[in-house]
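For reference, the structure is listed below as structure tokens.
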């Protein structure tokens, strides 16, 4: 994906995003044409993305294999199980949505770090270091950006063995991955970057609850 296409996609998603913090007892799973959907605080109902189904199972401690078996073969039983444990759980949860879908079911301590904020903040720094985005893409669960720098370059063994430095940046808006900034070595004669495991910066999406206050609608 080209950078401009990524920016356009994230800008298009921005007005469709919504977040809600609520007690789990105010959430109900119901069926729509035999498909499980979520009803939030007696408001409208939302479809559930596949990654979010896995988070619901994990949060309610329902074995994932059994959860998917109920989803496919006995959706009424799935709704009964989920609703029972939602009521018994009684804890606050943080729900993230996109348009008509619930895309994340998270702890109320989840700290929001959205893709656009990461991207724009990164672009400001990258421009100052003559860096270019080599590749990027966004999926339901993550944003990946490969960067190489024109300033970070040197010869390893001889003048034809040039390496360039860069970073590999990953973020998730749905709690499936932490924000990671990994050093990257790019050998010019190679088409692929090599991830250096040391010196990795990793920022998990957990706070004390105060950080998400301004992000909730």
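Distance in nm between label sites at residue 50 and residue 33, each 7 Å beyond Cα in the beta-carbon direction?
1.9
Please report, to two decimal places, log10 I(q)/I(0) for region 14-107 at q = 0.12, 0.20 Å⁻¹ as given by the Debye formula with identical point scatterers on the Cα atoms and no solvent.
So the normalised log intensities are -0.32, -0.93.
For an R0 of 30 angstrom, estimate the FRET efficiency from the Cβ-Cβ distance between residue 128 and residue 40 and round to the nearest 0.05. Don't skip to the end; give the middle numbers.
Details: r = 43 Å, r/R0 = 1.43.
Between residue 128 and residue 40 the formula returns 0.10.
Please give the FRET efficiency for residue 84 paired with residue 114, using the beta carbon to beta carbon distance and R0 = 45 Å, rounded to the nearest 0.05. Spell out each step's value before the answer.
Details: r = 33 Å, r/R0 = 0.74.
That pair, residue 84 with residue 114, gives E of 0.85.
Using the basic label-point model (7 angstrom from Cα toward the beta carbon), what is the residue 58 to residue 3 distance in nanometres?
Using points 7 Å along Cα→Cβ, the separation is 3.2 nm.
Using label points projected 7 Å from each Cα along Cα→Cβ, tell me how many nm separate residue 101 and residue 16, to one decimal.
Going from the residue 101 label point to the residue 16 one covers 0.8 nm.
Throughout, read-outs are computed from the coordinates displayed, never taken from laboratory work. As the structure is a prediction and not an experimental result, all values here were calculated from the model. Because the Cβ atoms are built from the backbone with ideal geometry, glycine has one as well, and the counts that use them run over all protein chains shown.
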